[in-house]
Amino acid sequence: MRQMIAAMDEGFRVLEALRYPLTPAVQASLIRKRPALMRLFMKFYHSMPISRLVDGPVGEIVALSRVFHLWKE
């Protein structure tokens with residue numbers, strides 16, 4: 001969970017550096033100000049079956065990861 005929250009924060013920072021608007025902005029704020037609360041929320045969310053329907057397929061996540069690596073450069 002710590003790595004997931006850190007990765008989300010890194011992604012938000014990349015988007016901010018590229019001047020993309022954060023949607024929802026409150027999510028980035030919570031990750032930075034209350035990471036323990038976000039870990040608890042994410043743990044609860046990922047224990048629910050609905051999370052499997054909402055989360056993207058592996059191929060989509062891999063594609064996003066590639067793009068973020070390019071953007072970070």
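The values are calculated or read from the model by the stated rules, or taken from the named source; none is laboratory data. Predicted model only: the values in this text are computed from it and were never measured. Because the Cβ atoms are built from the backbone with ideal geometry, glycine has one as well, and the counts that use them run over all protein chains shown. SASA here: full protein model, heavy atoms, side chains in, ligands and nucleic acids out. Shrake-Rupley method; radii C 1.70, N 1.55, O 1.52, S 1.80 Å.
For this structure, a couple of remarks:
- The combined condition, being at pLDDT below 90 and of a type in the set (S, T, N, Q), is fulfilled by residue 65.
- Top-ranked residue of the range 27-73 - restricted to ones that are in a helix (DSSP H, G or I) and among the polar types (S, T, N, Q), ranked as farthest from the chain's Cα centre (by Cα): 51
- Condition check for residue 64: within 15 Å of residue 4 (Cα to Cα), without any contact (Cβ under 8 Å) to a residue 12 or more places away in the chain and touching a helix residue (DSSP H, G or I) at 6+ places or on another chain (Cβ under 8 Å): no
- All conditions but one from (1) modelled with pLDDT of 90 or more; (2) more than 21 Å from residue 1 (Cα to Cα) apply to residue 72; the one that does not is (1).
- Inter-residue pairs, beta-carbon under 8 Å, first closer than 14 Å to residue 9 by Cα and among the charged types (D, E, K, R) and in the range 31-49, second open to solvent by 60 Å² or more (accessible area, probe 1.4 Å) and assigned to a loop (DSSP other than H, G, I, E, B), 6+ apart: 39/1
- Subset of the range 1-26 that is in a loop (DSSP other than H, G, I, E, B), free of Cβ contacts under 8 Å to residues at least 24 places away in the same chain and touching a helix residue (DSSP H, G or I) at 6+ places or on another chain (Cβ under 9 Å) - its residue that is surrounded by the most Cβ atoms within 10 Å (Cβ to Cβ): 22
- Summed over the range 1-22, residues that are within 11 Å of the chain's Cα centre (by Cα) and among the β-branched types (Val, Ile, Thr) total 1.
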